[in-house]
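The values are calculated or read from the model by the stated rules, or taken from the named source; none is laboratory data. Values in this document were obtained by computation on a predicted structure and should not be read as measured data. Accessible surface is based on the protein model in full, side chains and every heavy atom, while ligands, DNA and RNA are left aside. Shrake-Rupley method; radii C 1.70, N 1.55, O 1.52, S 1.80 Å.
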Amino acid sequence: MIGFRRLFVIVVCWTRRMMVQCEDSVIRCSRRHRLKIVNVLHPFSAVVLLSVIGFLFVYDVVYVVPHILDTSGCWYWLTCLLGGFIIFNILGNWWLSFKTNTTVDSLPVERQTPAEGEAHLWHFCIACDRLVPPRSWHCRLCQGCMLKRDHHCTISGSCIGHKNQRYFICFLFHLCFGCGLALVFNGIYAWQTESLMTADPILLFSKLSAYSEDVNIDWKYTISTIFKLNMFLLVIALFMFGLQILMVHRNSTCYTIFDRSYDLGWRRNFEGVLGRRLLWTLLSPTIKSPLPNDGTQWIVKQQV
Ligand SMILES: [Zn+2]
Ligand SMILES: [Zn+2]
C-alpha cells in the first residue's frame, strides 16, 4: 500500500514537472514567435482533433457497428443515438471551452477592482499593469490574466480557468466515454475478423504482406491499427480526465496541485467548477449551471 502511494506521488510529481517544463519551453519559444505559434498551433490541434473524432465516429457507425448489430434492430439505432449524443457533447463542450471568456476583463467593471478591505488579497500583474484577484494567473499566450487559471490548453486553443473548466471536464468525460464505447466495438470487430493480434501496422508499408497467404492481411493491419489508435486515445483522455478530477477534488490547479488551502470538501469543490447543477452538466453543454462565485473571492480552508 505504501509502495503504491509512493509510486502515485512520484507519477504526479513527474507529470507536474513535465507540464511545467513543457509550458516553460512553450513560453520561451512564444516570446519570439508568439503570434505565429498561436495562429498555427491552435487551428492545427483543432483540425487533428476533429479529424480523429470524426473518422472514428464515421468508421464505427457506418462500418463497424453494422457488422456487429442488426441494422434493422433497436440496438443499432440506440447505439447510433448514443454516438450522436456523445459527439454533440464533445463538440459542444470543446467549442464552449474555447469561446468562454475567463479573463479578469470578463468581469463586470465594478468587480475588476478589489472590494473594500480586500485589496491585500489581490496581487499585481506586471504584464497587465493592474491588480488581479487571488488565484488569477497571467497567460503569455492569451495575453491576459485568467480567473483561477488552471492551464493553457492547446486542444481548445484557450486558457482553462474559472468560467470554462466545466466545459473542459465535460469534454474530457465524453471523450473518454466515446473512446471507450468505440474501443468495445472496434475490439469485437477486430476479434471477429481475427485482426486483434495482427502484428505491427508499420508492416502495412513493407512488402512483407505480399508474402502472406492471407488475402485480407492488409485490411487486417488497417483494422488493428485503428484499434490501437483508439486504445491510445482512450489512455490519453483517461489520464487527462483523471488529472482534472484529482485537481477539482482538491480544489487545486495544475500549478498548485498539492495545495489544498481551498479544499472545502468534495461537493463544494465540484460545485465550484461544475456549478450548482453538478452532474446534470454532463447531459448537455447548453444546461445553465451558475457558479457559486465570480472568481474574485475565495474561501480558504482555515476560514470554514
Ligand atoms: Zn496579467
Ligand atoms: Zn492561455
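Of HIS138, HIS33, HIS249, which has the largest mean-square fluctuation in a 10 Å C-alpha GNM of the chain? Comparing HIS138, HIS33, HIS249 in the GNM, the peak value goes to HIS33.
Would you work out what percent of the accessible area of the chain, with all protein chains in place, is carbon or sulfur (probe 1.4 Å)?
Working: 11860 of 17470 Å².
Carbon with sulfur: 68 percent of the solvent-accessible area.
Among the lysines of the chain, pairs that are 8 or more positions apart or on different chains and have alpha carbons within less than 29 Å of each other number 15. Using a probe of 1.4 angstrom and keeping all protein chains present, the accessible surface of the chain works out to 57 square angstrom per residue.
Cα centroids of the stretch 236-266 and the stretch 23-92: 25 Å apart. Binning the alpha carbon pair distances of the chain at 20 angstrom intervals from zero yields the distribution 27, 51, 19, 2, 0, expressed in whole percent.
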